[in-house]
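Structure record follows, encoded as structure tokens.
Please treat every number below as a calculation from the coordinates, not as lab data. None of the values given here were measured: they were computed from a predicted structure. Positions of Cβ are backbone-derived with ideal geometry, glycine not excepted, and every protein chain shown enters the neighbour counts.
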Amino acid sequence: MTDLARVHLDYKAAFLRYLPRRAEAALHVGYKLGRAAVSDGLSILDLVEVHHAVLLEVLEDTRGEDVGQVATAASEFLLEALATYDMTQRGLLPGS
């Protein structure tokens, strides 16, 4: 299994755990996935690609009236997953 395939499976499982109640503990798993992706050398584009693929998979099984809620939850989860990339970038910028 490739690194991206593993990240995809982990990301989907974590997002599906977050989706029903949007609990902070489940959101924290998104942060940890992002941190692991940075540590594993995956690019921010790789992680966004995984997020988009997972979102499309989830939307296939989503009722029309729930699409807005899923999209909002997906945005929250992605922001948390990207937090480590943001912190890393800020740490590398001059004057940070």
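There is at least one residue in the range 42-60 that is closer than 14 Å to residue 8 by Cβ, among the aliphatic types (A, V, I, L, M) and outside any helix (DSSP H, G or I). Does the range 55-67 contain any residue that is under 21 Å from residue 84 (Cα atoms) and not charged (D, E, K, R)? Among the residues of the range 55-67, at least one is under 21 Å from residue 84 (Cα atoms) and not charged (D, E, K, R), which makes the answer yes.
Every residue, every condition in (1) buried (at least 16 other Cβ atoms within 10 Å of the Cβ); (2) of a type in the set (A, V, I, L, M), yes or no:
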site	(1), (2)
19	yes, yes
23	no, yes
54	yes, yes
57	no, no
60	no, no
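Scanning the range 34-75 for residues that are closer than 28 Å to residue 89 by Cβ, out of contact with any helix residue (DSSP H, G or I) (no Cβ under 7 Å at 6 or more places or on another chain) and not small (Gly, Ala, Ser) returns 45, 48, 49, 52, 56, 72. When you look at residue 2, is it touching a helix residue (DSSP H, G or I) at 6+ places or on another chain (Cβ under 7 Å) and not hydrophobic (A, V, I, L, M, F, W, C), yes or no? So residue 2 does not fit the description; no.
When each of 47, 42 is tested for being aliphatic (A, V, I, L, M) and either surrounded by fewer than 18 Cβ atoms within 10 Å (Cβ to Cβ) or under 9 Å from the mean Cα position of the chain (by Cα) (or both), the lone residue that passes is 47.
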